[in-house]
Every structure is written in structure tokens, then in C-alpha cells.
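The values are calculated or read from the model by the stated rules, or taken from the named source; none is laboratory data. Note that this is a predicted model, so its numbers are computed, not measured. Here the Cβ positions follow ideal geometry from the backbone for every residue, glycine too, while neighbour counts run over all protein chains shown.
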Amino acid sequence: MAELLSHCLSRMFQNIADSIEEAKNHLSALDGEIGDADHGVTMSIGFQAVKAELSKRNADAMAPEDLMNLVAMAFLNSIGASTGRCMRRGSAAPHKRLRARPTRRRKSRPR
């Protein structure tokens, strides 16, 4: 089950990285209406770093909580600033929950 979850998380982050890359100019234009027009570029840098880190590892073999931590740290280390810290915090909550969850054992049925 954990391998399937890690596989799904890895694919999700890779798909997000591809989508952000495609939309970075649009996201920056939207940000330009209220800010400094760098949001798309910043998100692209962060998610490309995530994608690069995932490509260096066998993500399917990682524990889901370790994968979430890897994603958070890759994003934070690539862009820093407030966005990096927000993404780190956003990834830390699931990381903590995944690490704290009890391992469920199936009850065997009486025969």
C-alpha cells in the first residue's frame, strides 16, 4: 500500500511540475496584477527542483512520509523566500500525519 501511495505521490508531483512549467507565464501575468509578477517563475523553479530530486531516486520504494519531506526540502532549498517556507509547511503536515499513522493489520477471519 505504501509503495502505491508513494508512486501516486511521485507522479502527482511530476504532473504538477509539468503543468506549472506550461502555465508559468500565465501565472506570472496574474501575479503582476497584484504583485511583482514572479509567481509563475518561482513555482516553476521550485517544482522543477522537486522533479529533479524525484528523478534521482526510486520514489516508489520510499516511504510516503519521506517522499513528502523530500519534496518539501527540494522546494524550499530551490527558492527559499516566503513561498518556499509555505510549501515546506504545507508538505510538513502530511509528512507528520503519515509518520504518525498506526500500521493497520488485517484481522484474520475465523475459519
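Things worth noting here:
- Selection status of A37, of a type in the set (G, A, S), at pLDDT below 95, in contact with an Asp or Glu (Cβ under 8 Å, 6 or more places away or on another chain) and not in a helix (DSSP H, G or I): yes
- Residues within segment 9-35 that are among the hydrophobic types (A, V, I, L, M, F, W, C), farther than 14 Å from A49 by Cα and surrounded by 12 or more Cβ atoms within 10 Å (Cβ to Cβ), tallied: 5
- Identity of the residue in segment 68-111, surrounded by 12 or more Cβ atoms within 10 Å (Cβ to Cβ) and β-branched (V, I, T), that ends up modelled with the highest pLDDT: V71
- Cβ separations smaller than 8 Å between residues 6+ apart or across chains give the following pairs from segment 1-28 residues that are in a helix (DSSP H, G or I) to residues that are among the aromatic types (F, W, Y) and surrounded by 12 or more Cβ atoms within 10 Å (Cβ to Cβ): F13/F47; I16/F47; A17/F47; I20/F47; E21/F47.
- Check on E65, at pLDDT below 90, buried (at least 18 other Cβ atoms within 10 Å of the Cβ) and either charged (D, E, K, R) or in contact with a Phe, Trp or Tyr (Cβ under 6 Å, 6 or more places away or on another chain) (or both): yes
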